[in-house]
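Shown next, in structure tokens, is the structure this report addresses.
The values are calculated or read from the model by the stated rules, or taken from the named source; none is laboratory data. Because the structure is predicted, anything quoted here is derived from the model rather than measured. Because the Cβ atoms are built from the backbone with ideal geometry, glycine has one as well, and the counts that use them run over all protein chains shown.
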Amino acid sequence: MTVILQHAMKPEPTAEEAARGRFVSAIRGFILNDLAADLNQAYHRRAVPRYRAAHGRDPASSGDAHKAMRGDPAFNIYSAMRVQAQKMVWASVADGVARDAARLEAFAADSDVELKPGFVPPRNASAIDVHLMPGSYTGGTGLAAGATYDRGLAIFSMGLMGANLDDIGLSMAAYIQHRFPDYAPQRMLDIGCTIGHNSLPWKQAFPNAELIATDVAAPGLRYGAARARLQGVDARFVQMASDALDLPDASVDLVFSSMFLHELPKKVRAKTLAEAHRVLRPGGLMLHMELPPNGQMAPFEAFYLDWDSYYNNEPYYKGYRDEDPRALCVGGGFAAADYFQFVVPSIGIYGADAVAAAATSDAAHSVGAETTGRLAEGVMWFGYGAWKR
């Protein structure tokens, strides 16, 4: 069902808008659970035998599985419905965002956000409608892009990302606290924070630490700064690019991101990890919640996640998932031995005890459950990181 946001900037939808949001959220739930199950069956019952007959072997990769599925009725229905439902997400909140613009601007007027005069957002954030969201992160006027993202994500996520869309941050921060109980960062940096929905849980987990939330898109930063202030969370929202951090060497203890790296071109992504290494102090941690890599998944599950790269305006998605996260970290300057990865259960679905148990279980270090990285019932989050020695 649709989340009703709990922060003070939440919308006051009309009855029609609320009904529209519930409908779109329910449609997405049907697609990502019921139709996804039909897609899985069609793959094993029809697509694999067809592919085997044509190629003399079973599909061995995400790309093979995609080729095997193209043209299958289940794939066509799933894809058509999912694309239209994605467009409906953004359309369902557009009227409310426009009507609420003046109130949101009033909230933002008293918020501290550090924007750089003349800053030009990179084209990967401005030139395409990422996630099919009109105007992407940088378009429109005022706070529209930030508000659209916040309200649309509440419908998009079907209640699986928490009451304030912060389940990823809450789950990750709790996991790190349990797995590394002596770790106590004093300065934390979120790169690609959008509206800061997964930034704030880190400040709640480590209240004595300074939190700097960064992004290239001004609308999201302005909206996020107001959103944080109205939730009583002290955070700096600063405009900067992840591959050119405006911070001194060895100046932070934690660099983290949430579902961000897959939206970066390959060269920018590599520079981003090198920048993270540069700004970390010795003993600091780099941590990313991301999509699990293709190399650790079966062909169908890998293809299912890669669907977004082809049909949801996320052109860097598959290229990222084809990379090896350990190799990415090593390329950024971290030692291979200091790399670690894990799968953490959603704290909102499974509870704090399940997160604590995962932090002490060897089984939680590999991609196993079909729900890992998938926004569906029983979602599990994939994370990885490395220490700077």
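Table for the structure above
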read-out: Which listed residue, of 328, 375, is of a type in the set (A, V, I, L, M, F, W, C), in contact (Cβ under 8 Å) with a residue 24 or more places away in the chain, surrounded by fewer than 18 Cβ atoms within 10 Å (Cβ to Cβ) and not in a strand (DSSP E or B); value: 375
read-out: Any hit, the range 150-160, residues being under 16 Å from residue 219 (Cβ atoms) and hydroxyl-bearing (Ser, Thr, Tyr); value: no
read-out: Qualifying residues in the range 102-135 (those that are among the small types (Gly, Ala, Ser) and at positive phi) - the one surrounded by the most Cβ atoms within 10 Å (Cβ to Cβ); value: 135
read-out: Lone unmet requirement of (1) in a loop (DSSP other than H, G, I, E, B); (2) touching a strand residue (DSSP E or B) at 6+ places or on another chain (Cβ under 8 Å); (3) closer than 23 Å to residue 128 by Cα for residue 250; value: (3)
read-out: Given (1) surrounded by 24 or more Cβ atoms within 10 Å (Cβ to Cβ); (2) in contact with a strand residue (DSSP E or B) (Cβ under 6 Å, 6 or more places away or on another chain); (3) farther than 29 Å from residue 81 by Cα, number of the condition residue 217 does not satisfy; value: (2)
read-out: Enumeration of residues in the range 226-257 that are β-branched (Val, Ile, Thr) and either under 18 Å from residue 137 (Cα atoms) or surrounded by 20 or more Cβ atoms within 10 Å (Cβ to Cβ) (or both); value: 238, 252, 255
read-out: Candidates 333, 351 - the one that is touching a Lys or Arg at 6+ places or on another chain (Cβ under 9 Å), small (Gly, Ala, Ser) and surrounded by fewer than 17 Cβ atoms within 10 Å (Cβ to Cβ); value: 333
read-out: Counted residues, the range 355-364 - those being without any contact (Cβ under 8 Å) to a residue 60 or more places away in the chain, surrounded by fewer than 18 Cβ atoms within 10 Å (Cβ to Cβ) and not polar (S, T, N, Q); value: 3
read-out: Residue in the range 200-216 that is among the hydroxyl-bearing types (Ser, Thr, Tyr) and within 17 Å of the chain's Cα centre (by Cα) present; value: yes
read-out: Within the range 262-313, tally of residues that are in a loop (DSSP other than H, G, I, E, B), of a type in the set (A, V, I, L, M, F, W, C) and either crowded, with 20+ Cβ neighbours inside 10 Å or under 15 Å from the mean Cα position of the chain (by Cα) (or both); value: 3
read-out: Inter-residue pairs, beta-carbon under 6 Å, first more than 22 Å from residue 283 (Cβ to Cβ) and in contact (Cβ under 8 Å) with a residue 60 or more places away in the chain and in the range 235-256, second of a type in the set (Phe, Trp, Tyr) and part of a loop (DSSP other than H, G, I, E, B), 6+ apart; value: 239/119
read-out: Qualifying residue in the range 70-78 (condition: surrounded by fewer than 15 Cβ atoms within 10 Å (Cβ to Cβ), in a loop (DSSP other than H, G, I, E, B), touching a residue at least 40 places away in the same chain (Cβ under 8 Å) and of a type outside the set (Gly, Ala, Ser)); value: no
read-out: Options 5, 35; residue that is part of a helix (DSSP H, G or I) and closer than 24 Å to residue 131 by Cα; value: 35
read-out: Tally of residues being of a type outside the set (Gly, Ala, Ser), over 19 Å from residue 352 (Cβ atoms) and either at pLDDT 95 or above or touching a strand residue (DSSP E or B) at 6+ places or on another chain (Cβ under 8 Å) (or both) across the range 149-192; value: 14
read-out: Single residue of 36, 42 found to be among the hydrophobic types (A, V, I, L, M, F, W, C), out of contact with any Cys (no Cβ under 6 Å at 6 or more places or on another chain) and under 18 Å from residue 89 (Cβ atoms); value: 36
read-out: Which listed residue is over 27 Å from the mean Cα position of the chain (by Cα) and in contact (Cβ under 8 Å) with a residue 60 or more places away in the chain, from 44, 7, 55, 66; value: 44
read-out: Of the criteria (1) part of a helix (DSSP H, G or I); (2) closer than 30 Å to residue 27 by Cα, which one residue 337 fails; value: (2)
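Here is a yes/no grid of residues against (1) surrounded by 16 or more Cβ atoms within 10 Å (Cβ to Cβ); (2) closer than 25 Å to residue 295 by Cβ; (3) among the small types (Gly, Ala, Ser):
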site: 9; (1), (2), (3): yes, no, no
site: 15; (1), (2), (3): no, no, yes
site: 22; (1), (2), (3): no, no, no
site: 39; (1), (2), (3): yes, yes, no
site: 60; (1), (2), (3): no, yes, yes
site: 63; (1), (2), (3): yes, yes, yes
site: 80; (1), (2), (3): no, no, yes
